[in-house]
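Following: one structure in C-alpha cells, then a few remarks.
Every number in this text was worked out from the coordinates using simple rules, so none of it is lab data. Predicted model, so just to flag it, every value in this text is computed and none were measured. When we count neighbours, we look across all protein chains shown, and the Cβ atoms used for this are built from the backbone with ideal geometry, even at glycine.
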Amino acid sequence: PADLTQLADSSPVQQTVYVPTEYNADIGYFNVPHGEGKALHLYNRQYASSTKTSENSVEVILDADSPENAELTVGGTITATVAEVRNGNYNTPIGDSQLVLSTAGDSAYAVQLAQLIPGSQVEISVYDQNGGNLSNSKEAIGVYYLLYDKGQYVSSGTNLNPRTIIGIKPDGTLMLYALDGRQPGFSEGLGLTDVAKHLVDLGCSTVVNMDGGGSTVMAVRAGGMDSRAVAKNSPSEKNQRKTTNGLLLVYDERGDSDAEHLHTYPSQPLAMPGADIQLKTYASNNKYEPVSLRKSIGYNLDSDSDGSVDENGLFTAGRAIGTAVIEVESGDLSTTAQVDIQNKITFAPNVRNLEIDPGEIFDINVTAKFGYAPIASRDSLFIWTCDPVIGTIDANGLFQATNESGIAGNIYVEYNGVQQTIPV
C-alpha cells in the first residue's frame, strides 16, 4: 500500500512549460538606424558589423545558416533560428549569416521580441505591397517621390533644393540627373514640379526623386581622361555626405589597348566674343578607359562657325552669338567640340575698392558669368577708364597710380553698356 503520509508531506513540484504562440508583425525598416518612430527594425551584415544602436533596446539575433540565406528577396521567405535574445542591450554584433530584429526598449514591439525563445523558428517574408513585378528585379533602391508617370504629374512641390533624379524614357533608357542647390550665386536648386517638367521636356515618361539635398552627388569617369569616377557637381555641404546607399554603374572587365573614341574638353564651354578657350583631346578604348593616341590631333573650325582654332586646339571666339563647332580628328577617329558664345553676361572685378601707394601698379582682373555659369572672358574685352587725377589704366586693366598722395577718384570697367565703378 502507498505511504499516504509520505505523499502528504512532500513539497509540490513546479515546472514551467514554454508554449510557442504565433506572433506576426510588420517590419518598419530594413537596414535603417533607429529613429523617433520606435518601429521594428531588421538588420543584416550589409548594414554594418553591428546594429549601431545606442539606446536601451531589445535585439534578437537570428541565425540563417549561411550568408546567402540572410539575403532578402522580394517574394521570398527567410527561415531563421533564434540564437539569442538581448534585452536591455544595444549595438549587437551581426555575423555574416545572421540577421537582427531590433526595437527600442519602450516600443510596442519590445515585449513580444523579449519573449522569443532561443531555438525557435522565425520566418521573414518580403512582398510587394503594390502588386508589381519587383520579384523579377536584381537590384532595387528606394525613392522618395514618384513625380511623373503614365502622363500625369504625381507629386508636386516648389521648395528649391539640390535634386537627385532618375528619369526613364519610353524605350527604357535611364537618365541620371543631379542638380546642385542651396548655394546662392551658384545654384539655388529646383522644386519638385519644375524638375519633373524639365525631365519630361528631355523625353522621360517616368520621373522619380531620390534623396537629394546634401546627399546629391554625381561622380563620373570622364571618358579618356579619368581612370576613376570623380565627383563632378558641387555638394551643398561642400563635402560628400555619408549615405546609406547609392546607384553604382559598373562593368565586368578591362578594355583593350586600342583607341576607339576621342573626347575633347572642356565639354560645351561658354565664351564671350573674342575670348580664348584651350581645348584638349584624349582617347579612350572600348570601355572608355584612357589610352594613348598614336597619331597627331587636328582641329578645324566648321565652315558655318565664327572664330578660329589653331593646330594646338586654342579656340578664339568670333563676334557672332551662337554655337561654334570644332571638328577634331586623329587618324580614323573623330569627334566634335561645341562652344556656346554669349554676350549677355554679368561681371565682377577682383577688387571692390582700391587703396594704393603713389606710383604703385595694380592689375585688375574681371570674372564673368552667363547666368550662374562661368564664361570664358579676357580683360581686354572690357572698356577700362579712370579719372585722370588718380593715374592711368590700360586696355588690360593694369592701373598706374599717380605719384601724388591724398588723391581720390574712380576706375570704370564697362561691357555691353553695363558699367561698374571701383573707388580709388
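Values for this structure:
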| quantity | calculated |
| --- | --- |
| Residues whose placed amide H lies under 5 Å from that of Gly307, excluding near-sequence neighbours | Gly318 |
| Helix axis angle, 192-201 relative to the chain longest principal axis, alpha carbon, degrees | 70 degrees |
| For region 364-374, Karplus couplings with θ = phi - 60° (6.51, -1.76, 1.60), whole Hz, Gly/Pro x | 9, 10, 10, 10, 10, 9, 10, x, 8, 8, x |
| HN-Hα J in Hz across region 317-324 - Karplus 6.51, -1.76, 1.60, θ = phi - 60°, x for Gly and Pro | 5, x, 8, 6, 7, x, 10, 9 |
| Exposure proxy order (Cβ contacts within 10 Å, fewest to most) of Glu355, Glu71, Glu289 | Glu355, Glu71, Glu289 |
| In sequence order, calculated HN-Hα J values of region 168-179 (Karplus, 6.51, -1.76, 1.60; Hz; x Gly/Pro) | 10, 8, x, 8, x, 4, 8, 10, 9, 10, 10, 10 |
| Long-range amide H partners of Gly391 with built H, under 5 Å | Thr402 |
| Neighbour cut-off at most 14 other Cβ (10 Å), DSSP loop, chymotrypsin sites (Phe, Trp or Tyr not before Pro), region 299-397 | Tyr372 |
| Selection from Thr281, Gln420, Val220 lying farthest towards where the dipole of the chain points positive, charges on Cβ | Gln420 |
| Projected-area mean, region 346-423, by convex hull of Cα positions, square nanometres | 4.8 nm² |
| Size of electric dipole in region 29-125: Cβ of Lys, Arg +1 and of Asp, Glu -1, about Cα centre, debye, nearest 20 | 180 debye |
| Relative contact order (%) - criterion: Cα under 8 Å, at least six apart; region: the chain | 8 percent |
| Nearest-20 debye value, the chain charge dipole, Cβ charges on Lys, Arg, Asp, Glu | 440 debye |
| Distant-in-sequence amide H partners of Asn89 (H built 1.01 Å from N, under 5 Å) | Ser57, Glu59 |
| Nearby lysines by direct alpha-carbon distance to Lys169 (threshold 29 angstrom, same-chain neighbours under 8 apart not counted) | Lys138, Lys150, Lys197, Lys232, Lys287 |
